[in-house]
Structure formats: structure tokens, C-alpha cells
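A short worksheet on the structure shown next.
The values are calculated or read from the model by the stated rules, or taken from the named source; none is laboratory data. This is a predicted model, so every value here is computed, not measured. Cβ: placed from backbone, ideal geometry, glycine included. Neighbour counts: every protein chain shown. Keep in mind that these areas ignore ligands, DNA and RNA; they rest on the heavy atoms of the full protein, side chains included. Shrake-Rupley method; radii C 1.70, N 1.55, O 1.52, S 1.80 Å.
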Amino acid sequence: MWDALLSAGSQTLQPGVVWAVVCALPVGLLFGLLPGLSGLTAMAVLIPFVYGMDGFAGLAFLLTAHAVVSTGGSVTAILLGIPGSPPNAATVVDGVPLRNAGFGGTAVGAALTASAVGGVFGALVLLVLLPVLRPVILMFGPPETFLLSLMGLTFLAAVGAGSPAKGLFAGAFGIFISFIGYEPVSGVPRYWFDYDYLLDGLRLIPLALGLFAIPELVALASGGSLEQSKGDLPGKQLFDGCKAVFSRMGLVLRSSAIGSIIGIIPGVGGETAPFVAYAAARQSDKNPERYGTGIIEGVIAPEASNNAKEGGALVPTLVFGVPGSSGMALLLGAFLVLGLQPGPNFLRDHLDIGLGLVLILAVVNVLAAGLMLALTPLLARVVNVPPRLLVPFLLTLALLGAYSTENNMQDVLFTFVFGAVGLACVRFGFNRAALLLGFVLGPAVERYLEIALNIYGPAFIVRPICLILIALMVIALAAPKLTARLRRRPA
Amino acid sequence: MIRADRILIVATALLVVALVVWGMTLGEYPASANVFPAIAAGGVVVFGVLALREPPPQEGTPLTLTAVLWLLAVLPLIYLLGFRIALPLYGLVYALARQTKPLPALALAIGIAAVVEILFVRVLGLHFDWGWLVAPLVR
């Protein structure tokens, strides 16, 4: 193991690898900063460049670009209120109220630091678990994945501020619209009304952009403006944000662990991790009602889990050759292009490459956060741009981001349709984050329940891990009420 | 007067229930394809009823119809001219209409055109169709 680690270290310091990381880092951050462009797009664009590269350098190149996208996206989510990539949507919930209160710099500083710590945590999890995790992952079949997804849904009421009933209503609506298109097991198309676009279901990126970007742009065009920092210099605010993370290490580590676990399980969906981390942070807080009103914990929790999940997602990709997300599927393709075969024998034959990727993941997360911290005072000037210039520019990025996913004009059209839904949510106090979470988790719950029932029948719930997950779910649901009751009880 | 948020909740719940009933009857979906939409629809109805009891939402940032119409205006423009012309033109017109001086407005349009051409066409290799008005001229 130590030999492999030393070999990995020396490989990582090869000039070709360092050069690949240096080139991919700004590209990944740029894709994160631009709304609608995701880590998946970054990998798809960069894959042709790895032909002819040395195997490890090529993997480092792609992994770097993919891993830092959500770091860049957090800045857009806070400063503009538009999630740079779908997983950053949870950051908008508290990031925007913080910005509106004049603490945008603090929120960005906290988000970037939490991203770095979360990313390093995810890499450490990967490092520790890589050699021993195989039997544990094998214990996670469709029943366990179903219950994990269901667990995510129990957090619907806890995401964001406002009325829980309205949050659950929005979440249930999000689940319902996720069922449009082919049913995952029987393949029957539902609610598509002979409109071909709907056969594959509604798409995530137009939904995220419509829900978050369009209302923000309408607010700007209506005469609103992006609030500027109150008094403190951006540098001072950034530093305060960094300090806030280190004074809440328990929260950071807990959120990172949630991100890693969700990342490890293929099929749950990486977009879920930040929402679950947010909800878990809220439920464990003494004053959960503050969440959604602009508190720093609401930024730290999703961002820490966001970057930690990438380390987790690498585990099944390397150990089984089973990608945990669409981004990892592309990385798997790159492995094959570079003549490497991930799977059960990969760690036996190429442990040094596996460990090298862990090192890359840890280093690029810190580098990305450092680079963004250095650039933020410059980027923060965007809030000084008059809305009359900002609106058309941001609208361009949002619409092209939606279009670029599938080169499909319908995605642009549906961005406006979801924009109307987003406007209704903002106007009438419905929870947009809950709607998005319901949309992401609905298909996973349906798919894995059907598969579990077909394979194991209803008795699947008595499998040991299922029982543990059910117990955790009951605790998560009951804990806030029990805690509140205990607090009310006189001493 | 009936509150607008309540009208929205009731309309959404009715629409969702109607879709599920349609799927079960006229849509002739197999039973397995109806189970989850029906459960989700149940959630929409139950939580909708609970949400009806909630107090009215607080007034947030004012959103004007003019702003919505301005944003929507980009859509027909894209269909008529295509992304590559429509987006810079939209930026120019929007900025001029909001009392921006011609030079900054022109700079904005050029900036948008540069982003479209360099990032999305050259780097990302996206293919943009020309709009209905421009396509015959380009051919």
C-alpha cells in the first residue's frame, strides 16, 4: 500500500500530469461559473483532448475538470442567484438571502472553503475505503438504493424556508412531473400527449434554470438590483467566510460524510447530496427556522457535500467499473480510451493509479477553492454591473446553457415554462428546492422499488441494511419533533 | 376575494388528479405505470389541502409584467433569426430601451456575440440553426 502511495505521489508530480491539471482547472471552474454547463458537459468537451495523452495525465485532466465544476457553480449561485450547475441549487436557498443582506463575500468565502474541505474529505474517504469497500458496496442492491432515495424524499419538508406544507406540496409536484416519459421498468410512455420531447421526460437543466434563473432575471428586469456588500471589503468578508467554516467543523464533516455516502451508491443521483446535507443540517440545528433566511450553515452544508460526493462516486467506478453518475460514465469511457479497464481487478493491477486519482482529487479541490478565492473580488464586481446590461447577458448564458445539453430548442422553450413555475413559487412562497429534489428523486424511488419488488418481493424490507435505513429514516423524521418537545419541557 | 395562491394550489391539484385519472382510463397505462403517479398525486392533494390553511405569502421583490414580457420577447426573436443573431440583437435593443447609451449597448451586443461564437460555437461545437427569416437568405 505504501509503495503504491509513493508511486502515486511521484506520478502525480510528473510534469505532464501537473500540466494537465493546470489546464483543466480553469476550464472546470469556467463551466461551473456558467449557468447550465455542467461537469458532464466539461468532460464531454474535453474527452477528445485526452487522445494521445499519457494514461494517468488524461485521467487527471478529466477528473480535475469534472471535480471543480461545483466549486465554480457556488459563486454563481450566491452572487447571481442562478445555480452554476444543478447541485448548486441548494446553495441558492441561503446564499441569496445572505447576498441580499450584504454578506455575499462571506457566503462565497464559506462556500469555497467548505467545497475544499469537503473535496479533501471525499478524497480521504476514497483513500481509506478503496481497498476495503467492495463487500460493502455489494451489499447495496436495488432495495437499499430505493430506501436511500426514499430517505432523501423525507427531507423534502426540511429544504429551505417557509411553510413545510407548501414545501411538501412543491416536492410532491416535483415527484409527479418526474414521472412524465417512459416508465423505467415496463417502458410505457406516460403523459406525453404525442409530444416527442416528453417521451424522455422533462430535463433537469432546463428545470433548474427555469426555477432559479428566470425569476432572478425577472426580479432584476423589474428594477431590482444585486445587493452590494455592506461596508466590509470583499477580502475581509471572504476571510470571515473561511473562518466560519473552520468554526463549524462538525457540520462540515457531517455534510461531507453525507456527500461521500450518497456519491458511493450508484443510482441515487449526485444532485441529491447537497439537499440531503442541507436538510440534515437544518434538522440537527437548535433553531431550524433560521434556515432559508440567510445563515452561513445553509451554505456550508450543501457545498461541503457537493464536493465530497465526487470522491464517493469514484469508488464504484474504480472498484466495479459501474459509474455512479453520468459524469463518471464518461470518465469510465476515458479509462477505456486510455487502455485501462476499471473493475474488480483494477485495484490489484493499478492501485497506484487509483491512489493517484485520490491525490489529484484532494489537490484540485484545494487549488480550485484557492483560485476562486483569489478571483472572487474580481467576480464580485458583477454586482456593480447595471441590471440593464446584466439581464441580457445572463439570459444569453442561461438559454445557451439549456440549449447546449442536447442541442434542442425545446429545452429553451421548457426553460421558460419552468420559469413560469419558478415565478409562481417565488410569488406565492412555494419551495423551489423541494420541487427540484422531488424531481431528482422521484424516478429513482420508482425504478428501484419496482426492481426490488420483482426480485425479492415485499420481504425486501427485512434485509439487514434496509432495516437500518428504515430506522434511520424514522429517527430523522421523529428527531426534530422530539428535540423540540424536550426543549419545551421545563427544567 | 379568493387568494391567488389558493387558486394555484387547487388548480395544480386538480390538474394532477385529472392526469392520473386520464392515465388510468383513457390513457390505458398498465397498472404498474399508474401506481407512483397516483401516490405522488395523493401527496399533491394532501399537502395541497394542508397548504391551503397556510397564511398568505409575504410580499417579496416586486415582479412586473413588463419584465416578464421583455424576457419572453427573446423567444420569438430566436425562432425568427436564430441564436447567433437574435441574442446580440436582443442585448442591444434591451439595453437601448433601458436608456443605455449607444456605445455601451453596442459593446454589450458585441460581447454577447463573442460569447456565442467563441465559447458555444467554436469551443463547445454547438450547432445553431438559423431562424425562419434568415435561413432562406443564408442558403
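Which of the residues spanning the stretch A:1-15 are farther than 24 Å from A:LEU129 by Cβ and either touching a strand residue (DSSP E or B) at 6+ places or on another chain (Cβ under 8 Å) or surrounded by 15 or more Cβ atoms within 10 Å (Cβ to Cβ) (or both)?
Across the stretch A:1-15, the qualifying residue is only A:GLN14.
Taking A:ALA433 and the conditions (1) at pLDDT 85 or above; (2) closer than 21 Å to A:PRO302 by Cβ, which numbered condition does it fall short on, given that it satisfies the others?
Checking A:ALA433 against (1) at pLDDT 85 or above; (2) closer than 21 Å to A:PRO302 by Cβ, the one that fails is (1).
Could you say whether any residue in the stretch A:20-33 is within 27 Å of A:ALA213 (Cβ to Cβ), open to solvent by 10 Å² or more (accessible area, probe 1.4 Å) and of a type in the set (Val, Ile, Thr)?
Yes, the stretch A:20-33 has at least one match.
Quickly run through the stretch A:424-439 and pick out the residues that are open to solvent by less than 30 Å² (accessible area, probe 1.4 Å) and under 23 Å from the mean Cα position of the chain (by Cα).
A:CYS425, A:PHE430, A:ASN431, A:ALA433, A:ALA434, A:LEU435, A:LEU436, A:LEU437, A:GLY438, A:PHE439
From B:ALA73, B:ALA67, B:ALA38, B:ALA11, grab the single residue that is within 21 Å of the chain's Cα centre (by Cα), open to solvent by less than 50 Å² (accessible area, probe 1.4 Å) and more than 8 Å from every other protein chain (Cβ to nearest Cβ).
Being within 21 Å of the chain's Cα centre (by Cα), open to solvent by less than 50 Å² (accessible area, probe 1.4 Å) and more than 8 Å from every other protein chain (Cβ to nearest Cβ) holds for just one of B:ALA73, B:ALA67, B:ALA38, B:ALA11, which is B:ALA73.
Is it the case that A:LYS286 is open to solvent by 60 Å² or more (accessible area, probe 1.4 Å) and at pLDDT 90 or above?
It is false that A:LYS286 is open to solvent by 60 Å² or more (accessible area, probe 1.4 Å) and at pLDDT 90 or above.
What is the residue count in the stretch A:388-432 for residues that are in a helix (DSSP H, G or I) and among the polar types (S, T, N, Q)?
So the answer is 5.
For A:ASN407, work out the one condition from (1) on the phi < 0 side of the Ramachandran plot; (2) at pLDDT 85 or above it doesn't fulfil.
Against the list (1) on the phi < 0 side of the Ramachandran plot; (2) at pLDDT 85 or above, A:ASN407 comes up short only on (1).
Name the single residue that is least open to solvent (accessible area, probe 1.4 Å) among those in the stretch B:25-34 being facing chain A (nearest Cβ under 8 Å) and assigned to a helix (DSSP H, G or I).
Among those residues, the one meeting the criterion is B:ALA33.
Inside the stretch B:43-55, can you point out the residues that are more than 8 Å from chain A (Cβ to nearest Cβ) and either touching a Lys or Arg at 6+ places or on another chain (Cβ under 6 Å) or under 19 Å from A:TYR191 (Cβ atoms) (or both)?
Result: B:VAL45, B:LEU52.
Going through the stretch B:80-111 one residue at a time, which ones are closer than 16 Å to B:ASP129 by Cα and either facing another protein chain (nearest Cβ under 8 Å) or acidic (Asp, Glu) (or both)?
B:PHE83, B:LEU87
State whether the residues of the stretch A:400-421 include one that is more than 14 Å from chain B (Cβ to nearest Cβ), surrounded by 15 or more Cβ atoms within 10 Å (Cβ to Cβ) and under 30 Å from B:ARG3 (Cβ atoms).
Scanning the stretch A:400-421, I find no residue that is more than 14 Å from chain B (Cβ to nearest Cβ), surrounded by 15 or more Cβ atoms within 10 Å (Cβ to Cβ) and under 30 Å from B:ARG3 (Cβ atoms), so the answer is no.
Residue-by-condition table, conditions (1) closer than 18 Å to A:LEU5 by Cβ; (2) touching a Lys or Arg at 6+ places or on another chain (Cβ under 7 Å); (3) in a helix (DSSP H, G or I):
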site	(1), (2), (3)
A:GLY327	no, no, yes
A:LEU332	no, no, yes
A:PHE335	no, no, yes
A:LEU340	no, no, no
A:LEU351	yes, no, yes
A:LEU355	yes, no, yes
A:LEU359	yes, no, yes
A:ALA362	yes, no, yes
A:LEU367	no, no, yes
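Please find, among A:LEU375, A:LEU357, A:LEU367, the residue that is among the hydrophobic types (A, V, I, L, M, F, W, C) and over 25 Å from A:ALA107 (Cβ atoms).
A:LEU357
Could you give me the residue pairs with C-beta distances under 7 Å whose first residue belongs to the stretch A:180-192 and is without any contact (Cβ under 8 Å) to a residue 12 or more places away in the chain and at the interface with chain B (Cβ under 9 Å from one of its Cβ atoms), whose second residue is polar (S, T, N, Q) and not in a strand (DSSP E or B) wherever it lies, and which are 6+ apart or on separate chains?
Filtered contacts from the stretch A:180-192: A:SER186/B:SER32.
Looking at the stretch B:115-133, I want the residues that are more than 7 Å from chain A (Cβ to nearest Cβ) and have a partner that is surrounded by fewer than 12 Cβ atoms within 10 Å (Cβ to Cβ) and of a type outside the set (Phe, Trp, Tyr) with Cβ atoms under 8 Å, at least 6 apart or on another chain. Which pairs are those?
So the pair list comes out as B:TRP130/B:VAL138.
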